[in-house]
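K.L.:
Dropping a structure here in C-alpha cells format, bear with me for questions.
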C-alpha cells in the first residue's frame, strides 16, 4: 500500500505544493491567471513523470506491479499499458513548454485514459471484490489529476500570451521539470530497495528545495 500511496501523493499532490512554493517565493505571477499558469506547468511536468514512471513499472517491475493491482502476473497486455503510459508521459513533458492546442490534446488524452482506467478498476472491485491498493488507491490519482488539469487549463485561457512566452515562463517550466525529475528519482531509488515511501519523501523535499531556489534566483533577477 505504501508504494502505491507514495506514487499517488508524489505525482498528483506534490505539483500543487511546488506551484504554491513558486508563487510564494517569486511574486511576479501577480494575477490569478498567471498563478494558474504556474500550476498548469507543474501539473504537466508531473503528469509526464507519472507516465514515464508507469512505463518503467509495467516494463521492468511488471510482476510486482501486477501484484499491487491484484491481477495475474505475466500478462502481455501490461506491455501495451506500459507504452500507453510512456505516450502520456512524453505528451506531458512536451506540453510544459507549449501554450497552444498541444496542451488541450494532452489533457484530453490523460483524462480519457485515467477515466477508462478508473472504470476498469471499479468494475474489477465490484465483480471480483479486488481491493488491492493498485486497484483502489490508484483511482484517487486517476480522478484528481484529470480534474486538476481540466480546471487549471480553463483558468489559464486568460493568461497573456506574451507572458506565457516570456523568459519567466521558461524558468517556471525548467523548474517544474527539474523538480519532477528529482522527486521521481527519489521514488524510483526508494522503490528499488523496498523503501518507496522514504524515497518519495526525500524526493519531494528536494523538489521543493529546487523550486524555492529557482524562484529566489528568478525573483532576484527581475
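K.L.:
Can you tell me which of 109, 114, 179, 184 is closer than 21 Å to residue 2 by Cβ and either modelled with pLDDT of 95 or more or not in a helix (DSSP H, G or I) (or both)?
P.N.:
Exactly one of 109, 114, 179, 184 is closer than 21 Å to residue 2 by Cβ and either modelled with pLDDT of 95 or more or not in a helix (DSSP H, G or I) (or both), namely 184.
K.L.:
Ok, one more. Among the listed residues 9, 23, identify the single one that is under 17 Å from residue 170 (Cα atoms) and assigned to a helix (DSSP H, G or I).
P.N.:
That would be 23, the only listed residue that is under 17 Å from residue 170 (Cα atoms) and assigned to a helix (DSSP H, G or I).
K.L.:
Another one. Does region 85-94 contain at least one residue that is modelled with pLDDT of 95 or more and over 16 Å from residue 54 (Cα atoms)?
P.N.:
The answer is yes; a qualifying residue exists.
K.L.:
Right, another one. So is residue 35 modelled with pLDDT under 95, over 30 Å from residue 64 (Cβ atoms) and part of a loop (DSSP other than H, G, I, E, B) or not?
P.N.:
no
K.L.:
Okay, moving on. What number of residues in region 15-50 are surrounded by fewer than 24 Cβ atoms within 10 Å (Cβ to Cβ) and under 11 Å from the mean Cα position of the chain (by Cα)?
P.N.:
1
K.L.:
Here is a follow-up. For the condition within 23 Å of residue 196 (Cβ to Cβ) and buried (at least 20 other Cβ atoms within 10 Å of the Cβ), what is the one hit in 70, 134?
P.N.:
Of 70, 134, the one residue that is within 23 Å of residue 196 (Cβ to Cβ) and buried (at least 20 other Cβ atoms within 10 Å of the Cβ) is 134.
K.L.:
Right, something else. Looking only at residues in region 206-222 that are within 15 Å of residue 46 (Cα to Cα) and without any contact (Cβ under 8 Å) to a residue 60 or more places away in the chain, which one is surrounded by the most Cβ atoms within 10 Å (Cβ to Cβ)?
P.N.:
Filtering region 206-222 for residues that are within 15 Å of residue 46 (Cα to Cα) and without any contact (Cβ under 8 Å) to a residue 60 or more places away in the chain, the one surrounded by the most Cβ atoms within 10 Å (Cβ to Cβ) comes out as 210.
K.L.:
Only one of 186, 92 is within 20 Å of residue 18 (Cα to Cα) and either surrounded by fewer than 16 Cβ atoms within 10 Å (Cβ to Cβ) or without any contact (Cβ under 8 Å) to a residue 24 or more places away in the chain (or both); which? I'd like the intermediate steps shown before the answer.
P.N.:
Numbers: 92 fails: either surrounded by fewer than 16 Cβ atoms within 10 Å (Cβ to Cβ) or without any contact (Cβ under 8 Å) to a residue 24 or more places away in the chain (or both).
Residue meeting the stated conditions: 186.
K.L.:
Could I ask something else about it? Can you tell me which of (1) more than 20 Å from residue 186 (Cα to Cα); (2) modelled with pLDDT of 95 or more is the one residue 13 doesn't meet?
P.N.:
(1)
Residue-wise test of (1) at pLDDT 95 or above; (2) within 16 Å of residue 57 (Cα to Cα).
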residue: 127; (1), (2): yes, no
residue: 145; (1), (2): yes, no
residue: 158; (1), (2): no, no
residue: 170; (1), (2): no, no
residue: 191; (1), (2): no, yes
residue: 204; (1), (2): yes, no
residue: 208; (1), (2): yes, no
residue: 218; (1), (2): no, no
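K.L.:
Let me ask something else about it. Residues that are over 14 Å from the mean Cα position of the chain (by Cα), outside any helix (DSSP H, G or I) and farther than 14 Å from residue 46 by Cα: does region 75-92 have at least one?
P.N.:
Yes, because at least one residue in region 75-92 is over 14 Å from the mean Cα position of the chain (by Cα), outside any helix (DSSP H, G or I) and farther than 14 Å from residue 46 by Cα.
K.L.:
Within region 106-122, which residues are surrounded by fewer than 16 Cβ atoms within 10 Å (Cβ to Cβ) and more than 16 Å from the chain's Cα centre (by Cα)?
P.N.:
Residues satisfying the conditions are 116, 119, 120, 122.
K.L.:
If residue 102 satisfies every condition in (1) in contact (Cβ under 8 Å) with a residue 12 or more places away in the chain; (2) more than 21 Å from residue 134 (Cα to Cα); (3) part of a helix (DSSP H, G or I) but one, which is the exception?
P.N.:
(1)
The values are calculated or read from the model by the stated rules, or taken from the named source; none is laboratory data. Note that the coordinates shown come from a computational prediction; the quantities given were computed from them, not determined experimentally. As a convention, Cβ positions derive from the backbone with ideal geometry for all residues, glycine included, and neighbour counts pool all protein chains shown.
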